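Please treat every number below as a calculation from the coordinates, not as lab data. Source: prediction; values computed, not measured. As a convention, Cβ positions derive from the backbone with ideal geometry for all residues, glycine included, and neighbour counts pool all protein chains shown.
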Amino acid sequence: MPRSTPVPALAAPAARVHDSLVLEPRDVRFDWDRLPLHWIPDEPMATHVINVLHLLLPEGERWFVKVFKEALPLIRDDQLREEVLGFIGQEAIHAEAHQEVLDHLLGQGLDPRPYVRQVAWLFRRVLGDKPGLGPARRRENIIERVAFIAAIEHFTAFLGNWALNSPGLDRAEADPTMLDLLRWHGAEEVEHRSVAFDLMVHLDPGYLRRVRGMAVSGPLLVHLWVRGARFLLAADPTLHGRLKPTWREAGRIAKRGLLPDPVGSIRSGLRYLRPGYHPTQEGSSSQALGYLATSPAARAAAGG
């Protein structure tokens, strides 16, 4: 299939482009038959650090969808409701696209199911709905989980912006189908980067809610990612447990443009805590839409 390439940010003002967006699910399809186990050639660590996305996102994004459906009756703004519905549609397709990669890994002799079961337990049991709560406590529980999602969506937008601006992956001759998945998904994360934040503020404009959401979600995401990378490298049948992930090695790989900069990720989380922060300050809607207009999978979904 044609190789996807980063798209330069366009000159239109970000706020104006963002305000005019209508979120639509793009029913993309990917063919994984030819995907090698190490889809960044000769870079198993970089491959598997990014592959953690496939471990976390199917269950995580299904949880996003469930929580946002529970929040719909609490929304009093028609435009925000439409954005939330668009967000739900996009996240449902993201979950299925990453699930297909998990199925492909299993066929290549790398069994992701033990780790995925732990992730499923976390999202379904620990962070899931709490039956038996009264109306006030149920509302509070929904808003708290929306705040967790808003913080996670900040990082997915950060990662999406990185994927759209990562020529290092092209230089390394990463698999074009996986690159298109990452950039299509990344573009949609940038496109809808404000929805969870705006919903959180709509339901509770207090600053402490935002801080609490990041205080829980930020460390949890780092913990899950590190554990996921360790699991994949240990489960890779070609490595025989010889390769161990380290922060130092991740930093070296990031300098070559194959992973996001760990320090940049931390700085991004701190930006989220600024009182005047809004997600439109991260990434470019114009650039995201530019990629979605050229993505092989998105074009095929649109009949182009």
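Could you state the orientation-averaged shadow area of the convex hull built on the Cα atoms of the range 109-203, in nm² to one decimal?
The Cα convex hull of the range 109-203, projected and averaged over all directions, gives 8.3 nm².
Return the ratio Rg/(2.2 N^0.38 Å) for the range 41-151, where Rg is computed over Cα atoms only.
Details: Rg = 16.5 Å, N = 111, 2.2 N^0.38 = 13.2 Å.
Scaled against compact globular proteins, the figure is 1.25.
Can you compute the modelled spin-label distance between N141 and R267, with each label point 7 Å from Cα toward Cβ, in nm?
4.1
Remind me, relative contact order of the chain in percent, using alpha carbon pairs under 8 angstrom and six or more residues apart?
Computed over the chain, the figure is 34 percent.
In a GNM of the chain with a 10 Å cut-off on Cα contacts, which of R212, R117, R81 has the highest mean-square fluctuation?
R117
Quick one, could you list the DSSP H helices from the chain stretching 27 Å or more along their long axis (Cα atoms) with average Kyte-Doolittle hydropathy of -0.5 or above?
Details: long enough: 44-71 (40 Å, 0.35); 78-107 (45 Å, -0.19); 135-164 (42 Å, 0.22); 207-235 (41 Å, 0.69).
Membrane-span-like by this rule: 44-71, 78-107, 135-164, 207-235.
If you take the charge dipole of the range 251-304 about its Cα centre, with +1 on Lys and Arg Cβ and -1 on Asp and Glu Cβ, which of G303, S284, G257 is farthest toward its positive end?
So the residue furthest toward the plus end is G257.
Based solely on C-alpha atoms, express the radius of gyration and the Dmax of the range 191-304 in angstrom.
Rg then Dmax for the range 191-304, in Å: 18.3, 50.
When the helices in the chain are scored as -39500 (n - 2.57) per DSSP H run of 4 or longer and the sum is shared across all residues, what 222 nm value do you end up with, to the nearest 500 deg cm²/dmol? Don't skip to the answer; put the middle values down first.
Values: 13 runs with 198 residues, N = 304.
So the helix-based figure for the chain works out to -21500 deg cm²/dmol.
Based only on Cα atoms, what mean projected area does the convex hull of the chain have, in nm²? Display every interim value, and only then the final one.
Working: hull surface 61.4 nm².
Over all viewing directions, the chain projects a mean Cα-hull area of 15.4 nm².
Where nothing but the Cβ of Lys and Arg (+1) and of Asp and Glu (-1) is charged, how large is the charge dipole of the range 39-296 around its Cα centre, in debye to the nearest 20? Spell out each step's value before the answer.
Values: 31 positive and 31 negative charges, 259 e Å.
Around 1240 debye, computed over the range 39-296.
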